[in-house]
Amino acid sequence: MSYTKYGIRPEFIERVKVKMKNPVTKDRIKKVVEGVNKYDLQDRVKVRRLIRTAAGILHENMTEAQEEQLIAFVIGQKIDPNNTLHLLKLWAMFR
């Protein structure tokens, strides 16, 4: 799993996946990422803001190191939210 290469712990991912199964939480996260484009996901400041907002919604306390790992992961993936292949790749990584 490529997220482990960035130092992101599998336990953290499992916790978030369980929390995302709640429809209310899922809708709130969808609203946060609505309108995000590939250029936003390559901007460290915008990615940090998205991660902090999502962590607040999910009630996850994150250290600065964990934040930096997630930022590096998102930027490293070069995600284009309008490209179906990119989204399928991410889905396969976290299913």
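The values are calculated or read from the model by the stated rules, or taken from the named source; none is laboratory data. For clarity, every value in this text was computed on a predicted model and none was experimentally measured. Glycine also receives a Cβ, built like all others from the backbone with ideal geometry; neighbour counts cover every protein chain displayed. For the accessible areas, the whole protein counts, side chains as well, though only heavy atoms, and no ligand, DNA or RNA atoms are used. Shrake-Rupley method; radii C 1.70, N 1.55, O 1.52, S 1.80 Å.
Here are a few things to note about the model shown:
- From the options 19, 26, residue that is surrounded by 12 or more Cβ atoms within 10 Å (Cβ to Cβ) and out of contact with any helix residue (DSSP H, G or I) (no Cβ under 7 Å at 6 or more places or on another chain): 26
- Residue check, residue 50 open to solvent by 30 Å² or more (accessible area, probe 1.4 Å) and among the aliphatic types (A, V, I, L, M): yes
- Long-range neighbours under 9 Å by Cβ, at least six apart or interchain, first residue open to solvent by less than 20 Å² (accessible area, probe 1.4 Å) within the range 53-73, second outside any helix (DSSP H, G or I) and among the polar types (S, T, N, Q): 55/61
- Checking residue 36 against (1) among the hydrophobic types (A, V, I, L, M, F, W, C); (2) in a helix (DSSP H, G or I); (3) open to solvent by less than 60 Å² (accessible area, probe 1.4 Å), the condition it does not meet: (2)
- Criterion (more than 21 Å from residue 17 (Cβ to Cβ) and of a type in the set (A, V, I, L, M, F, W, C)) met by exactly one of 85, 41: 85
- Selection within the range 1-45 - aliphatic (A, V, I, L, M) and without any contact (Cβ under 8 Å) to a residue 60 or more places away in the chain: 16, 18, 20, 24, 29, 32, 33, 36, 41, 45
- Checking residue 10 against (1) surrounded by fewer than 16 Cβ atoms within 10 Å (Cβ to Cβ); (2) under 13 Å from the mean Cα position of the chain (by Cα), the condition it does not meet: (2)
- Test: residue in the range 79-91 that is of a type in the set (Val, Ile, Thr), farther than 14 Å from residue 29 by Cα, touching an Asp or Glu at 6+ places or on another chain (Cβ under 9 Å) and surrounded by 12 or more Cβ atoms within 10 Å (Cβ to Cβ): no
- Residue 79 satisfies every condition listed in (1) at pLDDT 90 or above; (2) among the aliphatic types (A, V, I, L, M); (3) touching a helix residue (DSSP H, G or I) at 6+ places or on another chain (Cβ under 6 Å) except (1).
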